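Please read the structure below before turning to the comments.
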Amino acid sequence: MFQVESYKGDRAEKYDLMIKQLRALLHDEKNVTANLSNASALLNHFLDRINWVGFYLMDEGELVLGPFQGLPACVRIPLGRGVCGTAAEKRETLRIADVHAFPGHIACDSASQSEIVIPLVDDGKLVGVLDIDSPEKDRFDNLDQERLEKFSAVLMELYRE
């Protein structure tokens, strides 16, 4: 049985431990839904000051809601629309300090104030995005972006196996 270790140390060390735990969760499990479900639960446990964390996956040219933790969410997001659709279309991480200032922001949860979206790309193919919302403005910084991109890269390893 997997147990989440307590997080001690500075933020970078805590992220490194969480990524180590992700690798343990993914070990010997090939089911994408199970792995993304556990990944969203791990992030929800690890990250403070967030109100939603989860995945949107590409399906017939648009993003469709996948495993997540939080309130019910928008089910479909076209590429280029909102923070998720824009990050997916550009295939680059978007870290938005104030979502209400983002043109075309899709407000699935009115409590969300800031957001980070990391595209999930495998061998040039867009798989989906990791989306994390916070009820605080400017919640995410460079360290969050760097480590969450690393977390996402570990997830993409499961697509190669």
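Listing for the model above:
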item	result
Residue satisfying all of: in segment 92-107; under 18 Å from ASP141 (Cα atoms) and under 17 Å from the mean Cα position of the chain (by Cα); surrounded by the fewest Cβ atoms within 10 Å (Cβ to Cβ) among these	GLU92
Selection within segment 73-93 - over 16 Å from VAL127 (Cβ atoms), in contact (Cβ under 8 Å) with a residue 12 or more places away in the chain and part of a loop (DSSP other than H, G, I, E, B)	ALA73, CYS74, ARG81
Meets criteria (surrounded by fewer than 17 Cβ atoms within 10 Å (Cβ to Cβ) and either in contact (Cβ under 8 Å) with a residue 60 or more places away in the chain or closer than 21 Å to GLY124 by Cα (or both)) for VAL64	yes
Matching residues, segment 17-36, being closer than 17 Å to PHE68 by Cβ and in a helix (DSSP H, G or I)	LEU22, LEU25, VAL32, THR33, ALA34, ASN35, LEU36
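Yes/no per residue for (1) touching a Cys at 6+ places or on another chain (Cβ under 6 Å); (2) among the basic types (Lys, Arg); (3) under 26 Å from HIS105 (Cβ atoms):
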{"residue": "GLY9", "(1), (2), (3)": "no, no, no"}
{"residue": "ASP28", "(1), (2), (3)": "no, no, no"}
{"residue": "HIS45", "(1), (2), (3)": "no, no, no"}
{"residue": "TYR56", "(1), (2), (3)": "yes, no, yes"}
{"residue": "GLU60", "(1), (2), (3)": "no, no, yes"}
{"residue": "PRO67", "(1), (2), (3)": "no, no, yes"}
{"residue": "CYS74", "(1), (2), (3)": "yes, no, yes"}
{"residue": "ARG81", "(1), (2), (3)": "no, yes, yes"}
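Since every read-out is calculated from the coordinates, none of them should be taken as a lab result. Just so we're clear, the structure is a prediction, and the values are computed from it rather than from any experiment. Don't worry about glycine lacking a Cβ; one is built from the backbone with ideal geometry, like all the others, and counts go over all protein chains shown.
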